[in-house]
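Reading through the structure tokens given below for one structure.
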Amino acid sequence: MSQPIVPGSLRVPAQSIIDWATACLQALDMPPGDARLLAESLVQTSSWGIDSHGIARLPHYMERLSRGSIKARPDILVKETGPSTAQVHGDQGQGIIVGHRAAQVAVALARKSGIGAVGVSDSSHCGAMALYTRPAARNGLIALAFTHSDSMAAPFGGTRAFFGTNPIAIAVPRAGQEPACLDMATTSIPFNRVINARREGHPLPAGVAYDDRGELTTDAQATRSLLPLGGPEFGYKGYGLALMIDLLCGPLNGNPYGPTISNMFTDLDAPRRLGAFFLMIDPARFAGGEMLAATVDTIAGALSREPGSPMMPGDPELAEEKNRKIEGIPVEPGLAAQMRDWSIRLKVDSLPAALA
């Protein structure tokens with residue numbers, strides 16, 4: 001679901017943000033193709049209304065690039081380990097660049113063998129997981145993607161952060177339409193939304209965060225951990241998902257887990273060593289594969305006729321994307337200030353006019 005727009009936000013055309021971000025990333029020595037891919041991925045995420053993982057994350061990525069904890073020109077190594085499996089070593093590269101590479105490898109394996117399972121090691125924050133599942137499903141595959149992060153969420157029964165928000169995305173082809181796409185954290189909100197709230201000075205929703213005393217809080221500044229999905233009573237569901245996803249992305253790929261991962265926002269000089277896991281499936285290899293996409297569209301139609309007209313997972317983001325193509329991407333006041341600062345710092349003169 002799209003996130004509330006902060007009062008005072010400026011609407012900026014998507015292409016102007018892409019051009020500016022690409023120029024900034026190239027100024028930090030990122031190759032032109034990678035710079036544009038990262039810029040387009042962040043703006044695409046913002047276009048879906050997922051502002052926690054969109055262009056708001058670019059200043060953070062640029063700070064790490066400037067410090068060397070993310071490499072601008074990593075030597076990404078792909079090693080096929082079997083007919084359907086591969087390991088992608090990210091060499092401390094930018095996570096979205098590494099993620100796209102790994103997803104492409106998984107797609108190629110699935111085309112060849114029916115299933116492609118790819119682990120990622122030694123990478124960094126890889127953004128919204130729908131960036132990888134939507135394109136694969138658009139091209140006929142079932143796509144699953146997982147990643148993990150440092151301690152941001154309390155385990156069920158506890159109040160201190162242990163696991164990350166550890167998201168999962170699943171996309172399935174839909175005939176004549178964009179894929180059905182679930183993309184969710186294993187907490188009620190992503191921690192990046194807390195960071196945005198701290199920067200802009202607005203409160204969090206009730207019932208999603210603990211302070212350092214283990215009390216529920218809506219104060220972003222006081223937040224020390226998030227509750228697992230399901231909250232105080234049913235949070236064992238989100239907690240269980242978070243643990244299993246951490247195992248797939250961390251230990252399985254030789255990466256650290258939970259509290260042993262360097263902090264995203266405070267250890268800016270330390271490489272993240274994050275992992276991810278991608279699973280691509282060719283539905284044509286299964287009994288219902290030929291009709292799967294048509295059946296998904298039939299289910300979507302049936303749901304739309306139910307009371308309340310429920311939407312398919314991912315459709316609210318597509319509706320927001322149509323709106324933002326017309327109105328522009330909302331840039332919050334604090335983010336606008338950061339963008340102006342980076343333009344000066346990098347001597348990039350292509351800052352969007354609305355922000356100048």
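The values are calculated or read from the model by the stated rules, or taken from the named source; none is laboratory data. In this text the structure is predicted, and so the values were computed from the model without any measurement. Here the Cβ is made from the backbone with ideal geometry for all residues, glycine too, and neighbour counts use every protein chain on show. The area values use the complete protein model at the heavy-atom level, side chains included, leaving out ligands, DNA and RNA. Shrake-Rupley method; radii C 1.70, N 1.55, O 1.52, S 1.80 Å.
Some points to look at:
- Taking all protein chains into account, the per residue accessible area for the stretch 1-139 stands at 35 Å² (1.4 Å probe).
- When both bridge partners sit in the stretch 53-167, DSSP labels roughly 50% of those beta bridges antiparallel.
- Placing R0 at 30 angstrom, the Cβ-Cβ distance between GLU215 and ASP267 gives a FRET efficiency of 0.70 after rounding to 0.05.
- Dipole-positive endmost among ALA161, PRO135, ALA72 within the stretch 57-169 (Cβ charges, Cα centre): PRO135
- Average projection area in nm² (convex hull over Cα atoms of the stretch 238-327, one quarter of hull surface): 10.9 nm²
- Beta bridge orientation in the chain: antiparallel %, DSSP, nearest 5: 85 percent
- With K and R counted +1 and D and E -1, the other residues having a Cβ less than 12 Å from that of VAL348 yield a net charge of 0.
- Across the chain, the relative contact order, built from alpha-carbon pairs under 8 Å that are at least six residues apart, equals 23 percent.
- Note on the stretch 205-283: semi-axes of the ellipsoid equivalent to its C-alpha gyration tensor, largest first and rounded to whole Å, are 26, 20, 10.
- With helices as the sole contributors, the chain gives -12500 deg cm²/dmol at 222 nm; each DSSP H run of n ≥ 4 counts as -39500 (n - 2.57), and the sum is divided by every residue.
- When the Gaussian network model of the chain links Cα atoms closer than 10 Å, the mean-square fluctuations of LEU109, LEU229, LEU292 top out at LEU292.
- Alpha carbon Rg of the stretch 1-115, scaled by the compact-globule rule 2.2 N^0.38 Å: 1.22
- Base-10 log of normalised Debye intensity for the stretch 284-333 (one unit scatterer per alpha-carbon) at q = 0.21, 0.22, 0.23, 0.26 Å⁻¹: -0.83, -0.86, -0.88, -0.95
- Cross-link partners of LYS112 among aspartates and glutamates, defined as those whose alpha carbon lies under 20 angstrom from its own and excluding same-chain residues fewer than eight positions apart: GLU80, ASP282, GLU290.
- Rounded to the nearest angstrom and listed largest first, the equivalent-ellipsoid semi-axes of the chain from its Cα gyration tensor are 28, 24, 23.
- Of the solvent-accessible surface of the stretch 277-326, computed with a 1.4 Å probe over protein heavy atoms with every protein chain present, carbon and sulfur atoms account for 62 percent.
- Descending Cα extents along the principal axes, the stretch 70-181, whole Å: 43, 35, 26
- For the stretch 115-218, dividing the convex hull volume of the Cα atoms by the residue count gives 140 Å³ per residue.
- Heavy-atom accessible surface of the stretch 1-97: percent carbon and sulfur, 1.4 Å: 54 percent
- Note on the stretch 87-147 and the stretch 1-42: Cα centroid distance 21 Å, given to the nearest whole angstrom.
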